[in-house]
Amino acid sequence: MITKFFQKFFYYLIKGTLVVAPVAGAIFVIVWLVATLDGALNITEHFLTDEYGKPLYIPGLGIVSVILLLTLIGFIFTTLVTAPIRAWLNRTISKIPLFNTLYSSIKDFTEAFVGDAKKFNEPVLVEVNEFGLKKIGFLTQKDLKAINLPGEVIVYFPYSYSVAGQVVIISAKKVTKLDISATDAMKLVVSGGVSGLEGKNPKALRKPEL
């Protein structure tokens, strides 16, 4: 009787953990990121004090300030800054050693996710050796004639449980387009293969149109 009780107890404990852990983990990460950014960006501490003369911290003001600032900058660059000025800025930045490399890399990586020309939106399956080993990645460049590599493409392979990844150049013949969304493909890779296939059609492969 006692054994059955403990078996049931641990069974429900595990089930409860499986329900709560993902929700609590996601909430914790989001709250931690927001709190960290808000604390680092909260400008009130620099010029406002309370009745005791201590820096005044207003929760949430840092995030709100950044959102408003980014919106204002976006409005200015979209409506007021002309193409010649943007071209001049790009030329000026390109002449600054090191900063140019960091700036262009971060700019391209950011635009790959949220820009007009998104790059991580074509999940593919790549055969990587003669034994049939395959990897899931994202097709980022379809035409490499500019570097004398016709018929080759660039595929980005994210690492599981990491923000890092690997860039490879491979023959287009080795690449098969996956018939799943970019979001599901990223979940599948980053989660180590345990997430992203829920409710998917088993016939999820088709030849790419490269």
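Throughout, read-outs are computed from the coordinates displayed, never taken from laboratory work. Small disclaimer: the values here were computed from a predicted structure and weren't measured. Cβ: placed from backbone, ideal geometry, glycine included. Neighbour counts: every protein chain shown.
Backbone amide hydrogens, once placed in the peptide plane, bring Gly165 within less than 5 Å of Tyr159, excluding anything fewer than 5 places away on its chain. Evaluating 6.51 cos²θ - 1.76 cosθ + 1.60 at θ = phi - 60° for every residue in the range 73-82, the Karplus couplings come out as 5, x, 5, 5, 6, 7, 9, 10, 7, 7 Hz, glycine and proline recorded as x. Each part reduced to its alpha carbon centroid, the range 123-182 and the range 66-98 end up 32 Å apart. Couplings for the range 138-145, taken from phi via the Karplus curve 6.51 cos²θ - 1.76 cosθ + 1.60 with θ = phi - 60°, read 10, 6, 10, 9, 9, 10, 10, 5 Hz in order; Gly and Pro are left as x.
Approximating the spin labels as points 7 Å out from Cα along Cα→Cβ, the Met1-to-Thr176 distance works out to 5.9 nm. The amide H of Gln141, built 1.01 Å from its N in the peptide plane, has Ile154 as neighbours under 5 Å, considering only residues 5 or more places off or on other chains.
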